[in-house]
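This report concerns only the one structure given below.
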Amino acid sequence: MKGHIIFSIAALILIAMYLKFSFPGGCSYKPFLYSQQSQQMRREIMERHKDLVFFYQTLLANKDTGLEEAMRNIEVTLEVPQTLTCKDLSHISGLDYIGSGFTKVVVKGTLLNGKSIALKSVHGEGNDMKQCVQQYGDHSGCHRLATYKLQKEIALLQILRHPGIIQLHGQCYVNSAPSDIRVTAMLELGSPLEMIQLLQTPWEERFKICWELVQLLYYLANSPMGSIALLDFQPRQFVLVNGSLKVTDMDDATSEEPTCTQDDDCELAFPAKTFSMFCSETGRCMGSNEKRNLYNAYRFFFTYLLPHTAPPALRPFLEDIMNGTGDLHVGINETLKAFEEVLNLYKSGLNHSQAHHLQDYTMLRGFRLNDTDGGFRCWPSYNHQGCLLSVHSAMEAAEFCNGHLQCRNFVISQERTWTGRYITAFTNNTLQLVPDENYNIYVKQSDNSKIQEG
């Protein structure tokens, strides 16, 4: 449900109060404030404060607005599908730890309506806080620095709207003092992306993950804030929500291309490869953000998910994608078009031969088998106890079954995958038939006498 929310620009006032009264120039003259450590912290806080103001100004769709004007616009109304507030947070039950990172911790909670959401907040015992306190000796100031990251992420989630970005359901700011602002982001709940499990799924599902990632990267390259790079681009930064890929950690995202004075300043370095880029007349390595995202997609996702067990007819197209993104000979626009071509070919059924394999089978319309698990298994499969795949047509299913000596029959259901292909079970068992209008059974003609109607 869409609703009006109040953006947290009011928090900037609290931050400004913190800066005013906690550092030189305000009313406090404590000796430690003049130490080198406190001055370094002050500079870092001011820098993050400046960055955060930029995000709020972008949120206001007025980048020319000054800080004072931005802070006067305390209440900003925008139609977004997030309505949760501190009141909802106070009624959360069933808290369960999900995970934590360098700066933040995530727990699962249940709303009054029974819906589960993710709650993200600053991790007080995380390495970010520990290292900061060790360096500066100021727990409150370090919490402020860590909170900036979460506030930046909340602002980005409000600016960037795409199915591949985790949805922000709401936020809660609680401040017991100007220097102690507690922030909680209430987010869509997803499940961790497990690459090992993905490798055991059919190629179609692995292609879906890569396809959704490419669509996300295309959006980030053309976002309202310009081209955005995900600096901490790793599988752990992504989750699955109802089977769809979403990036869930945005605090390390940046819309600034690296600065440069010469082409050598624009080298894009990765552990196993370095790419040369050009320094533009504006003193920026233009295109660096897009290229960084694309190569990270290649090395963390495409390499593992695209080639293995791909349909033979699609492999030349996939090799072109791998070569283009692995060497960065193409950009995100060309990559998106290449993925669209593969998807259209796969949907059309042109990825299998046109031999007349179906003539070897007899169709029994309106029946299913009482059990499709058995001695015939294939990998990867939707069902690890048998052989459950997707097919474009009965002809493709017959081609697969004829290519495996153990396969004796197959059952096509009306259930379809995300590409519109039919879920089909392949078996070698002699089993009884069960009447069901949602299924059709195809039996090898030599085996017709072995199946009985129950």
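If you stretched the chain out fully between His91 and Glu267, how much longer would it get, using 0.36 nm times the residue separation minus the C-alpha to C-alpha distance? Write out the running numbers ahead of the final one.
On the way: separation 176, 0.36 × 176 = 63.36 nm, distance 5.05 nm.
Taking 0.36 nm per residue and subtracting the Cα distance, the gain is 58.3 nm.
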For this session: Any chance you could look up the accessible area of Val106 with a 1.4 Å probe, heavy atoms only, rounded to 10 Å²?
Result: 30 Å²
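For a Förster distance of 35 Å, can you work out the FRET efficiency between the beta-carbons of Lys108 and Arg315, rounded to the nearest 0.05? Walk me through the numbers on the way to the answer.
On the way: r = 41 Å, r/R0 = 1.16.
With a Förster radius of 35 Å, E is 0.30.
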Exercise. What is the spin-label model distance, in nm, from Gln432 to Gln197 if the labels are put 7 Å beyond Cα along the C-beta direction?
Worked result: 3.6 nm
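Averaging over every viewing direction, what projected area does the convex hull of the Cα atoms of the range 316-446 cover, in nm²? Can you show the working numbers first?
Numbers: hull surface 36.0 nm².
Answer in nm², one decimal: 9.0.
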Problem set entry | Karplus (6.51, -1.76, 1.60) ³J(HN,Hα), θ = phi - 60°, over the range 128-134, in Hz, Gly and Pro reported as x | 4, 5, 4, 5, 5, 5, 5
For this session: Quick one: what are the phi-derived ³J(HN,Hα) couplings along the range 423-430, Karplus 6.51/-1.76/1.60 with θ = phi - 60°, whole Hz, x for glycine and proline?
Result: 6, 9, 9, 10, 9, 10, 8, 9
For this session: Mind ranking Glu319, Glu340, Glu290 by accessible surface for me, highest first, 1.4 Å probe?
Result: Glu319, Glu340, Glu290
For this session: At 0.36 nm per residue, minus the direct Cα-Cα distance, what do Thr282 and His356 gain on full extension? Give it in nm, one decimal, please.
Result: 20.5 nm
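Order Met250, Met322, Met286 by their accessible area, 1.4 angstrom probe, all chains in place, largest first. It would help to have the intermediate numbers written out before the result.
Working: Met250 0, Met322 30, Met286 105 Å².
Listed by decreasing accessible area, they come as Met286, Met322, Met250.
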For this session: Roll a 1.4 Å probe over the protein heavy atoms and report the accessible area of Trp418 in Å², nearest 10.
Result: 80 Å²
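What size of dipole, in debye to the nearest 20, comes out for the range 127-251 about its Cα centre when the only charges are +1 on Lys and Arg C-beta atoms and -1 on Asp and Glu C-beta atoms? If you can, show how the numbers build up before the last one.
Values: 10 positive and 12 negative charges, 31 e Å.
Using Cβ point charges on Lys, Arg, Asp and Glu, the range 127-251 gives about 140 debye.
At a threshold of 8 angstrom on Cα-Cα distance, excluding pairs fewer than six apart, so keeping six or more, what relative contact order does the range 204-322 reach in percent?
Details: 139 pairs, mean separation 30.2, N = 119.
The normalised contact order for the range 204-322 reaches 25 percent.
Tally up the carbon and sulfur contribution to the accessible surface of the range 320-433 as a whole percent, 1.4 Å probe, everything protein left in place.
Values: 2700 of 5540 Å².
Roughly 49 percent, rounded to a whole number.
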Problem set entry | Full-extension gain in nm, Phe275 to Asp371, via 0.36 nm per residue minus C-alpha separation | 29.1 nm
Problem set entry | Exposure of Arg182 as accessible area (Å², to 10), given a probe of 1.4 Å and all protein chains | 110 Å²
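Before I look further, what does the range 136-179 give for accessible area per residue, probe 1.4 Å, in whole square angstrom?
Working: 1270 Å² over 44 residues.
On a per-residue basis, 29 Å².
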For this session: Please give, to one decimal in nm, the separation of the simple spin-label points placed at Thr259 and Lys130, each 7 Å out from Cα toward the Cβ.
Result: 3.4 nm
Seminar exercise, completed: For the range 321-333, Karplus-derived ³J(HN,Hα) couplings (6.51, -1.76, 1.60; θ = phi - 60°; whole Hz; x for glycine and proline) come out as 5, 5, 5, x, 7, x, 9, 6, 7, 10, x, 5, 4
Seminar exercise, completed: Placing each pseudo-label 7 Å from Cα in the direction of the beta carbon, Ser244 and Met363 end up separated by a distance in nanometres of 3.4 nm
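The values are calculated or read from the model by the stated rules, or taken from the named source; none is laboratory data. Please read all numbers here as calculations on a predicted model, not as lab measurements. So basically every Cβ, Gly included, is an ideal-geometry build from the backbone, and we count neighbours across all protein chains shown. Accessible surface areas use protein heavy atoms only, side chains included; no ligands, DNA or RNA. Shrake-Rupley method; radii C 1.70, N 1.55, O 1.52, S 1.80 Å.
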